[in-house]
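Enquirer: Sharing a structure below in structure tokens format, with a few things to ask.
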Amino acid sequence: MSDTQRVPLLFGLVAVLIIGTGFVQSWNSALLILNMGLVSAIMALGVNLQWGFAGLFNVGIMGFVALGGLGAVLVGMPPVEDAWAAGGVRLLSALVLGAATVTAAVLAYAAVPAGRRRTLVVLGILIVGFVLYRLVLDPAKAAVEGVNPATTGYLGGINHFASDRDPGALPRADLFVLLAWPVGGLLAAGAAWLIGKTALGLRSDYLAIATLGISEIVIAVLKNEDWLARGVKNVSPIPRPVPYEITLQNDPAFVDQVAALGADPVTASAITVKLSYTVLFAVVLLVLLWLSQRARNSPWGRMMRAIRDNEVAAEAMGKDVTRRHLQVFVLGSAIVGVGGAMMTTLDGQLTPGSYQPLRFTFLIWVMVIVGGSGNNLGAVLGGFLIWFLWVQVEPMGAQLMGLITAGMAEDNALRLHLLDSVAHMRLLTMGIILLVVLRFSPRGLIPER
């Protein structure tokens, strides 16, 4: 089967699955799957850029997703004025001091000739800088986190528009939050640059270990630094770029339109909100897909694939392999960060405790492998298909086990065991899908051409 037949057929199958969910379950469920499928497709596109184009094995996806979510907080939330007055400036000064210490140590390492003297100079700069950094940071941090910790206890964001609103008024859409998506991408890109400068010279297996470890560090910082994003106390609610259900339900024009269609205003408002997210997410996905396709078919993309296939030959032809790897690593991580910011906006809250490697690393890799690594359309297809299965396998498994155990007694040991196993159907299904695809289509459902 040619690609011109395979691609529309597979995407049509996914569309049928999602539309069928709307008819069988509810349109709210179908749209929620669609929206998270769009976000997952964006993350898979970023990983495909790294692995499919350059062969970089990044297992730190979770950290870049979390940095994208942090961007949604820093941009979308209003500033906490009392926290800024208590120690905000001092806290920022401490961060600047820490960055200056690292910069001074790097410059000293480059300027002082190799030997014992250089070691002592760099070590002295780091020790003195660290002591000064903690002397400034610790009291400022305690002051910020002590400001009404039950509801704030952090610096907040830069969304002054949200803080100027009447607390008693109905919430409304806040388009300023859209800026959080590129900011989340920039945060992830900055972290990827730092990681890449130190880790991209490593062999692929060591790169995987390094990215996984650094992503865990990012999550640990988010969980423990309350001044940044409230830690495990979470940040909620994050303003939305789309209307709120309660606002639509209190809008007479909307209620009249819904009544004319014979629909329930509550259900219609929820569907309208999800459709609004769908439009925004689809625009972002299409733009990123177009840019990725342009990059893939450009001389730069052909060079990246040549480096992926044979680094030694590419180096012999004068290509700076490490520099090109850094470029694609930063670009792919930025796309993952954008997806993380979009997901946090959709959820309406930042919950660092929910950033689990299973969901944000393993699942995205399954999407890329099943869809077809090296093929942007394949990554997008994998994002939709695998997310649909991830959501729907458990209820489908419960129905299946219900049918299998229908004739058994209520206290039958086998029946109880099978019903208890429903919770593990997701992991089993992902494993089976991987095995089947790798056996019968090892290059994915839409292989690279």
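The values are calculated or read from the model by the stated rules, or taken from the named source; none is laboratory data. If you're wondering where the values come from, they're calculated on a predicted model, not measured in any experiment. Virtual Cβ from ideal backbone geometry, glycine too; neighbours counted across all protein chains shown. Keep in mind that these areas ignore ligands, DNA and RNA; they rest on the heavy atoms of the full protein, side chains included. Shrake-Rupley method; radii C 1.70, N 1.55, O 1.52, S 1.80 Å.
Enquirer: With the structure loaded, tell me whether A208 is open to solvent by less than 30 Å² (accessible area, probe 1.4 Å) and within 21 Å of A99 (Cα to Cα) or whether it fails that test.
Expert: Criteria not met by A208.
Enquirer: Out of the stretch 124-139, which residues are of a type outside the set (D, E) and open to solvent by less than 90 Å² (accessible area, probe 1.4 Å)?
Expert: Passing the criteria: G124, I125, L126, V128, G129, V131, L132, Y133, V136, L137, P139.
Enquirer: Take the stretch 224-259 and flag every residue that is under 17 Å from the mean Cα position of the chain (by Cα) and buried (at least 17 other Cβ atoms within 10 Å of the Cβ).
Expert: A229, V235, I238
Enquirer: Next up: Looking only at helices (runs of 4 or more DSSP H) that fall completely inside the stretch 262-361, which ones have 1 or more residues that are open to solvent by less than 30 Å² (accessible area, probe 1.4 Å), under 20 Å from Q50 (Cβ atoms) and touching a Phe, Trp or Tyr at 6+ places or on another chain (Cβ under 6 Å)?
Expert: 299-309, 321-347
Enquirer: Something else now. Output the qualifying pairs, or none if there are none: Cβ atoms under 9 angstrom, residues six or more apart or on different chains, first residue in the stretch 178-203 and more than 9 Å from A341 (Cβ to Cβ) and among the aromatic types (F, W, Y), second residue open to solvent by less than 90 Å² (accessible area, probe 1.4 Å) and in a helix (DSSP H, G or I).
Expert: Hits for this filter: W193/L326; W193/F329; W193/V330; W193/S333.
Enquirer: Mind checking which helices (runs of 4 or more DSSP H) fall wholly inside the stretch 371-449 and carry at least 1 residues that are surrounded by 13 or more Cβ atoms within 10 Å (Cβ to Cβ), touching a residue at least 60 places away in the same chain (Cβ under 8 Å) and touching a Ser or Thr at 6+ places or on another chain (Cβ under 6 Å)?
Expert: Per the criteria, 376-404.
Enquirer: Could you list, in sequence order, the residues of the stretch 167-177 that are touching a residue at least 60 places away in the same chain (Cβ under 8 Å), open to solvent by 20 Å² or more (accessible area, probe 1.4 Å) and outside any helix (DSSP H, G or I)?
Expert: L170, P171, R172, A173
Enquirer: Report, by residue number, each residue of the stretch 113-123 that is over 28 Å from D138 (Cα atoms) and loosely packed, with under 12 Cβ neighbours inside 10 Å.
Expert: Answer for the stretch 113-123, where residues must be over 28 Å from D138 (Cα atoms) and loosely packed, with under 12 Cβ neighbours inside 10 Å: P113, A114, G115, R116, R117.
Enquirer: Just need a number here: residues in the stretch 253-303 that are touching a Ser or Thr at 6+ places or on another chain (Cβ under 9 Å) and on the phi > 0 side of the Ramachandran plot.
Expert: Count: 0.
Enquirer: So which residues in the stretch 92-130 are in contact with a Phe, Trp or Tyr (Cβ under 7 Å, 6 or more places away or on another chain) and over 23 Å from W227 (Cβ atoms), if there are any at all?
Expert: The answer is R118, V122.
Enquirer: Moving to a separate point now. Which pairs turn up if I take residues in the stretch 120-132 that are assigned to a helix (DSSP H, G or I) and look for partners that are hydroxyl-bearing (S, T, Y) and surrounded by 12 or more Cβ atoms within 10 Å (Cβ to Cβ) with beta carbon separation below 9 Å, at least 6 apart in sequence or on another chain?
Expert: Qualifying pairs under 9 Å: V121/Y109; V122/Y109; I125/T101; L126/T101; V128/T101; G129/T101; F130/T101; L132/T101.
Enquirer: Return the residues of the stretch 206-238 that are among the β-branched types (V, I, T) and in a loop (DSSP other than H, G, I, E, B); say none if nothing qualifies. First the steps, then the outcome.
Expert: Step one: of the stretch 206-238, the residues among the β-branched types (V, I, T) are 209, 211, 214, 217-219, 221, 232, 235, 238.
Selection gives I238 alone.
Enquirer: When you look at L186, is it open to solvent by 50 Å² or more (accessible area, probe 1.4 Å), over 28 Å from W27 (Cα atoms) and part of a helix (DSSP H, G or I), yes or no? Don't jump to the end; show me each part of the working.
Expert: On the way: open to solvent by 50 Å² or more (accessible area, probe 1.4 Å): yes; over 28 Å from W27 (Cα atoms): yes; part of a helix (DSSP H, G or I): yes.
Taking the combined requirement at face value, the residue satisfies it.
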